[in-house]
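To start, the structure under review is shown below, and the notes come after it.
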Amino acid sequence: MKLRTKVLLILIPMTILFILIFNAVGVSMLNDQATAMDQEEARSAAQRIGVGLGNIEYILNIKCGDYSYWDDTWSYLEDYNASYIENNLNAYTMYGYEVDAVLLYDIASNLIYNMSVDATDPEDPLASEVPSGLLAAIQSDESIIYDMENETSGVLSYDDGSVILSSCPILRSDGSGPARGKMIMAVYLNENVEVSLTETFGNALRIEIEPDDPGLALGTGPEELTIKNINDSTMLCSWSISDLNGVPAAVMNLDVGRDWYQQSQRTGMFLLHTIITTATINCLLMLLFVDRAVLSRMHILMDDVFRIGRGQSKEKRVSTLGDDEIADLGKQVNIMLENLDRSEQELVMKERRYRVLVEGSSNAIILVSSKDLSIIEVNPAFLRMTGRNDYDIKRTRITEVLDAPWDWNTAKTTGEGGKVLEGEGRLMHSNQSVLDVELSMTTLNFEGEEAYFIIGRDLTDRRRAEKDRERILDELSRTNENLEITLKSITDGVISVDQHDGVVLMNRAAEDLIGVNRRYGIGRNIRELVPLPENEWDDYRTLHQAGPLRVSMRNNSGQIWQMEYSYITLTSDKGEVMGKMFTFRDISEKARAEIAEANAGRLEAIGTLAGGIAHDFNNVMTSVVGELYLLRTEIENSEGSMQRSRERISDMEMAMDRAKFVAQELLSLSKGGAPIQKPTTLRGLLEDTARLAFTGSSITWSLDCPNDIWPVNIDQGQMNRAFLNILFNAQEASHEKGSVEIVVRNVFSRPGPDTEGRYVNVDFIDHGEGIPSDVLPRIFDPYYTTKATGTGLGMTVTFTTIKRHGGTIEVTSEVKKGTKVSVYLPATDEPIRDAPRSDRPVSGTGRVLIMDDEEFILQVTMDILQGLGYETEVAHDGEEALRAYGQAMKDGRKFDVVIMDLTVPGGMGGKETIGHLLKMDPQARAIVSSGYSNDPVMADYQNFGFVGVVPKPYKIEELSLVVKNAMQPGPTVNPEPDTFK
């Protein structure tokens with residue numbers, strides 16, 4: 001069955017089923033909705049009938065009331081004047097009022113008049129007696145004739161039917177009494193009422209005493225309808241009405257048309273036709289779409305596949321139009337075809353490669369039948385070795401051309417399971433010569449039968465190579481004898497190895513250097529004797545020669561030494577590799593000398609670099625500190641509370657102090673001048689330093705410093721850093737536990753030359769792990785460290801600082817017991833002068849000339865001094881400063897103070913300018929300022945002609961005091977520079 005037929009068999013039943021289901025559901029919903037709407041219409045009609053009955057009762061009450069509240073009626077019950085009856089209560093009048101019966105009762109409830117209208121002839125209605133059943137029903141109800149005070153109205157049932165009546169007491173026209181009786185008017189519930197209500201409301205009404213269907217449960221009133229469908233066009237609505245006593249008086253039957261149901265039937269038929277038409281069109285469209293989008297493309301795909309299968313397609317590809325699953329299927333088919341093509345090409349290439357491999361092999365390849373040992377196939381190498389052609393060999397048994405080392409009768413069982421038989425045999429040439437070959441044979445399956453696959457390699461070249469090797473070994477043996485004599489006299493170590501890195505020769509110097517006896521070393525791999533790093537051996541395997549190279553190594557005796565080595569590959573006359581030759585020597589002393597020289601050079605370079613960095617760093621910090629001061633001044637002069645801003649600025653100033661400390665640490669490494677020394681007592685400095693070093697540490701420390709300790713002449717900042725390095729080392733050696741003692745004493749000698757004199761000795765004692773004896777001599781070497789994260793400069797800086805202060809340092813240590821660092825500083829007789837200090841800047845007046853090469857330094861210093869009350873001018877180098885100073889002297893407005901930057905790159909600095917300035921004005925007062933705070937001029941500024949010094953970065957308080965002091969004649973006392981804590 002074709003695919004199109006299958007699609008039709010699926011779509012047509014599905015369409016029919018869809019039509020049936022959709023129509024059934026739609027029609028059912030329409031019918032239900034129409035029935036509900038028809039029932040609602042029936043309820044409305046019933047309610048209208050109920051309103052009509054109520055109107056009849058209402059009108060009857062009005063008419064009865066008009067007669068009962070009339071003086072003529074009241075008078076008639078007194079005088080019984082017959083004319084009243086004849087004129088007012090005759091049949092013709094009552095018929096006109098649509099009243100079917102009239103009754104008059106006196107005060108004693110006696111019937112004095114009754115009349116029923118016979119309207120058989122509407123032109124001449126007649127009066128008749130009220131039916132006896134009605135009279136009995138009226139007289140049996142006390143509310144109708146016996147209650148002389150109230151009106152009564154409603155439906156009253158009797159044996160032959162039911163009426164709507166109204167009973168009113170007879171009073172005067174003004175409503176006064178007493179009542180003289182009751183008047184009753186009634187309307188029969190008969191065909192007249194049916195016709196009237198039917199004509200009024202348009203629905204056929206039938207009034208019955210008993211229902212047509214006795215088993216039908218009826219509701220009371222139009223609100224409780226009983227609805228029954230009679231046919232497709234009509235439904236019957238029934239309900240009962242009750243009399244004055246609550247007894248069912250009549251059944252109202254109302255015929256209501258099923259208009260909505262009829263409309264739903266017509267709509268259902270239209271819907272059915274519409275569904276059938278739409279479904280048919282959709283089915284046709286779907287068939288067309290499936291045919292165009294799927295079936296036709298599948299046929300094209302199948303046709304392409306058939307053509308490819310029959311070999312009728314050149315491209316061997318199927319159509320892949322579109323971008324859907326069918327197109328993806330076509331693409332997958334194409335991928336499969338491409339893979340098949342690729343596999344076919346690979347198969348062809350493999351066949352070609354195997355053919356090239358077999359036919360190009362220099363070894364003989366033979367395929368032999370295991371059944372009769374006939375030769376199935378051979379390669380050209382076999383034909384060449386045996387001097388035969390392909391035609392002759394196909395009729396030859398293998399035993400005729402090959403003398404194999406195995407028994408052919410047992411070869412099959414021996415070679416089972418893929419086992420390879422090996423051995424040497426001989427191939428017989430057609431000229432009766434014999435060729436030695438190395439054979440290997442295995443069993444395989446060929447075209448469903450077992451066969452022997454044999455490979456034979458010509459041994460002629462191997463035999464020749466073995467003879468050559470024996471000859472070379474003899475020559476090498478003789479050469480080795482000569483080499484051994486030569487090598488004994490060489491002081492460098494020499495080791496010769498073969499192709500497999502086995503040691504074949506080593507001289508006496510090599511034995512001594514690597515600590516291995518020659519008898520032990522010969523024959524061993526060189527890697528067992530010379531423990532080079534792994535990366536060195538990686539290079540050794542790939543390089544033919546290398547060197548000289550250097551490496552640190554530990555010989556077999558455990559000694560560490562520096563080795564310089566080289567090696568070269570040894571080759572024969574034919575270029576064959578025979579081994580390698582190692583030469584090496586001990587250069588430990590030479591390496592240490594080179595390292596010391598290099599470290600010294602690096603230290604000098606770092607010192608120069610550190611000085612430059614610190615100078616630039618201090619210049620920047622000077623600007624930042626100045627700007628902070630100006631900002632704080634502006635804040636303090638502003639209105640309101642700025643406490644948080646002041647605290648923030650104070651924090652920033654503390655950060656600048658820390659940055660200044662970093663710059664000073666760099667300067668400790670810089671080459672050049674002496675520290676800025678001042679007479680100082682060590683107690684306070686040592687307390688501050690120890691407190692800083694052990695903050696946050698569990699180590700306890702103590703200071704033993706008598707009050708009579710001599711003062712020393714030191715730079716407090718540099719000495720603080722030197723002591724910090726010593727204490728940090730003690731902390732690390734103690735591993736955050738134990739204690740450190742600091743002991744200070746006055747002594748009259750120190751270790752080393754020029755031992756006599758007055759010195760202050762400071763001993764730093766820890767109880768940590770101690771320093772090994774081989775490490776102790778090198779602790780002051782630059783870059784030497786035993787810590788993973790150390791720089792190797794801490795103790796170098798300490799040594800340099802103490803030496804610059806004219807002191808000495810000595811270290812003694814014992815492993816596992818601890819270390820003592822002894823520092824000796826020369827004592828001084830100079831008095832300790834308390835430098836002036838101020839918590840706030842000091843203002844003043846006068847003219848100040850500021851010289852600096854940095855524009856931002858000029859600007860901030862000028863703003864600070866102007867804020868302090870001074871008049872300022874600026875100059876960018878010494879020449880500009882001299883011109884400004886000379887012009888001020890001519891104008892009679894000489895500068896009181898000149899602040900000079902010590903160093904001006906590419907221009908005249910303060911050191912040169914001061915000489916020219918003092919020649920111009922011997923009374924000139926100048927202050928030197930520089931970021932190079934270790935420059936000799938900064939340490940001895942007075943001898944260079946300056947009256948004050950202020951290192952960068954300076955605090956505003958320091959600058960204001962220096963300028964204020966310089967304004968005064970005579971020597972100045974500079975403020976003490978801050979020590980970082």
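Just so you know, all these numbers are worked out from the coordinates, no wet-lab data involved. Quantities reported herein were computed from a predicted structural model and do not represent experimental measurements. Neighbour counts are summed over all protein chains in view; Cβ atoms, including those assigned to glycine, are modelled from backbone coordinates with ideal geometry.
Cross-link list K890/K952; K894/K919; K919/K964; K678/K803: which exceed 21 angstrom alpha carbon to alpha carbon? Violating the 21 Å Cα-Cα cut-off are K890/K952; K919/K964.
Give the Debye-formula value of log10 I(q)/I(0) at each listed q (0.13, 0.17, 0.25 Å⁻¹), with one equal scatterer per alpha carbon of segment 360-441, two decimals each. The computed values of log10 I(q)/I(0) come out as -0.38, -0.67, -1.43. Residue separation of E756 and E447 scaled by 0.36 nm, minus their Cα-Cα distance, works out to 100.2 nm of gained length. At an R0 of 30 angstrom, the distance between the Cβ atoms of D774 and E687 translates into a FRET efficiency of 0.25. Taking amide H as placed 1.01 Å from N in the peptide plane, the amide H of T903 sits under 5 Å from that of G910, each at least 5 places away or on another chain. In straight-distance terms, cross-link reach from K590 covers every one of the aspartates and glutamates whose alpha-carbon lies under 14 Å from its own, apart from those fewer than eight places away in the same chain; here that gives E564.
Of the peptides 460-472, 352-364, 767-779, the order by per-residue mean of other Cβ atoms within 10 Å, starting with the highest, comes out as 767-779, 352-364, 460-472.
Between E377 and E912, the simple spin-label model (points 7 angstrom out along Cα→Cβ) gives 9.7 nm.
Amide H contacts of S242 (H built 1.01 Å from N, in plane; Pro and chain starts excluded): A249 sit under 5 Å, all sequence-distant by 5 or more or on other chains.
Taken over segment 167-310, the ratio of Cα radius of gyration to 2.2 N^0.38 Å equals 2.41. Taking other residues whose beta carbon is less than 11 angstrom from the beta carbon of N379, and scoring Lys, Arg as +1 and Asp, Glu as -1, yields -1. Straight-line cross-link reach from K63 at under 14 Å between alpha-carbon atoms covers these aspartates and glutamates, not counting any fewer than eight positions away in the same chain: E98, D100, E151.
Output the peptides 938-945, 758-765, 163-170 sorted from most to least packed, where packing is the average of other Cβ atoms within 10 Å over each peptide's residues.
Details: 938-945: 17.0, 758-765: 20.0, 163-170: 25.6.
Order by mean packing, descending: 163-170, 758-765, 938-945.
May I ask you to compute the full-extension gain from I230 to H273, defined as 0.36 nm times their residue separation minus their alpha-carbon distance, rounded to one decimal in nm? Don't skip to the answer; put the middle values down first.
Numbers: separation 43, 0.36 × 43 = 15.48 nm, distance 2.82 nm.
Value of the extension gain: 12.7 nm.
Amide H contacts for R758 (H built 1.01 Å from N in the peptide plane; partners 5 or more residues away or on another chain; cut-off under 5 Å): A827.
The aspartates and glutamates whose alpha-carbon is closer than 14 Å to the alpha-carbon of K371, local same-chain residues fewer than 8 away aside, are E447, E449, E450.
Taking a virtual spin label 7 Å from the Cα of N389 along the C-beta vector, which residues in segment 334-363 bring their backbone nitrogen under 17 Å of it? Within reach of a label on N389, which here means backbone N under 17 Å from a point 7 Å along Cα→Cβ, segment 334-363 contributes nothing. If the chain linking L543 and R342 were pulled fully straight, counting 0.36 nm for each residue of separation and taking away their Cα-Cα distance, it would gain 68.1 nm. In this simple spin-label approximation, L111 and N245 carry label points 7 Å from Cα along the Cα→Cβ vector, and these lie 1.7 nm apart. The C-alpha atoms of segment 846-967 occupy a region whose extents along the principal axes are 37, 30, 26 Å, arranged from largest to smallest.
A simple rule links phi to the HN-Hα coupling: the Karplus curve 6.51 cos²θ - 1.76 cosθ + 1.60 with θ = phi - 60°, which for segment 279-289 gives 5, 5, 5, 4, 4, 5, 4, 5, 4, 5, 5 Hz, with x for Gly and Pro.
In this label model, L9 and Q139 are separated by 9.3 nm, measuring between points 7 Å along each Cα→Cβ vector.
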